[in-house]
Structure formats: C-alpha cells, structure tokens
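The values are calculated or read from the model by the stated rules, or taken from the named source; none is laboratory data. What you are looking at is a predicted structure, and each value in this text was computed from that prediction instead of being measured. All Cβ positions, glycine included, derive from the backbone under ideal geometry; neighbour counts span all protein chains shown.
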Amino acid sequence: METYQQERFNTAIGRPVSFVQDNHSLSRTKGTVRGLHYQSSPFAQGKLVRCTQGSITDVAVDIRNGSPTYGQHVKVILSAENAKQLWVPEGFLHGFATHEDNTEVAYKVTNYYDKASDGNIQWNDKDLAIDWGINEAAAVLSDKDKNAPKFKSFISPFNS
C-alpha cells in the first residue's frame, strides 16, 4: 500500500507541504484520548494522520482567528482496515480517541516538536460539542490532557 506520494498530496491540498518527521504512538487501552493539542508559531505543525493498528475517532478543530469555521470540527474514523488518513493543517487542534486496545497511530508532521510552543484544550469541552464515540467517564488521559484549559478561555495564536 502506498501511504504517501508528495506530488499527489500537494495537489490535493492545493499547496506544497514538506514533512520533517514521522511519529508513531501506541495506546494500550481502549478509550485512551490524546488531545486536543496544537503547536504555535514558529513551530506550528501540520499533521497527516493514519491508524496502523486498531481504530480511532480522529478530530481536527479550526482555531484560526477570523476563520468562518472557527471553533468547528471535523472528525473521521481512521482504522488499519479502512486505511483512511486525515490532514490536519497548521492552526487546528488535533486529537484522537482509541476504540480498541493496542491501537497504533502514525503521523507525519511539518515542523519539529517544541515544548514552549505546545498547547492544548479540554478534549470534551461542551462548547466544542465533539462526539468522540467513547465512554467519557472511562476515558484514559495524560495529566497534561486532564488539566487542559477550556475553549472559552483560549486565546488563539493563529489567524486565517
């Protein structure tokens, strides 16, 4: 299976993109949530996400000031079986919830990780109204994601 071809990808999204790193994440427990994360400039990241084992609900939320879709989200089920991918441009929150144990997610990024540029928003914030398809009370979260700020208090560093 061909998972990435630069010329076709750049044509599909309408601009050239260069990836600098591939990441691979393993979530051992069904119901694990990672997100909603972003990196601000100068280390803003675009991500091309796919699930290589198991399945996830993958979510991107527009946080570009002035965008007509600010605060709105898209979500897609990604799985090893369906081989779909989601492009998450710079200026979007990203997160996923696992639907199976031992789920693996691979993603290409357009910039390197920078701790000082890293940020997040509560994954289940009611103002975002995202249906993750999991039992929220049983969600497995990192300490960082448990303590994420609310969307209402968020001041986006991105413009459309």
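Summary of computed values
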quantity: Subset of segment 1-46 [loosely packed, with under 11 Cβ neighbours inside 10 Å and assigned to a loop (DSSP other than H, G, I, E, B)]; calculated: 1, 2, 5, 14, 15, 16, 18, 20, 28, 42
quantity: Residue match in segment 51-60 (condition: touching a Lys or Arg at 6+ places or on another chain (Cβ under 6 Å), in contact (Cβ under 8 Å) with a residue 40 or more places away in the chain, among the hydrophobic types (A, V, I, L, M, F, W, C) and assigned to a strand (DSSP E or B)); calculated: yes
quantity: Positions within segment 48-68 being surrounded by fewer than 17 Cβ atoms within 10 Å (Cβ to Cβ) and on the phi > 0 side of the Ramachandran plot, in sequence order; calculated: 66
quantity: Residue in segment 69-90 that is among the basic types (Lys, Arg), surrounded by 14 or more Cβ atoms within 10 Å (Cβ to Cβ) and closer than 18 Å to residue 19 by Cβ present; calculated: no
quantity: Single condition residue 28 does not satisfy, out of (1) touching a residue at least 40 places away in the same chain (Cβ under 8 Å); (2) in contact with a Lys or Arg (Cβ under 8 Å, 6 or more places away or on another chain); calculated: (2)
quantity: Enumeration of residues in segment 75-85 that are under 20 Å from residue 110 (Cβ atoms) and in contact with a Phe, Trp or Tyr (Cβ under 9 Å, 6 or more places away or on another chain); calculated: 78, 85
quantity: Segments classed as strands (runs of 3 or more DSSP E), wholly inside segment 65-160, with at least 1 members that are over 20 Å from residue 47 (Cα atoms) and modelled with pLDDT under 95; calculated: none
quantity: Within segment 107-129, tally of residues that are under 26 Å from residue 3 (Cα atoms) and aliphatic (A, V, I, L, M); calculated: 1
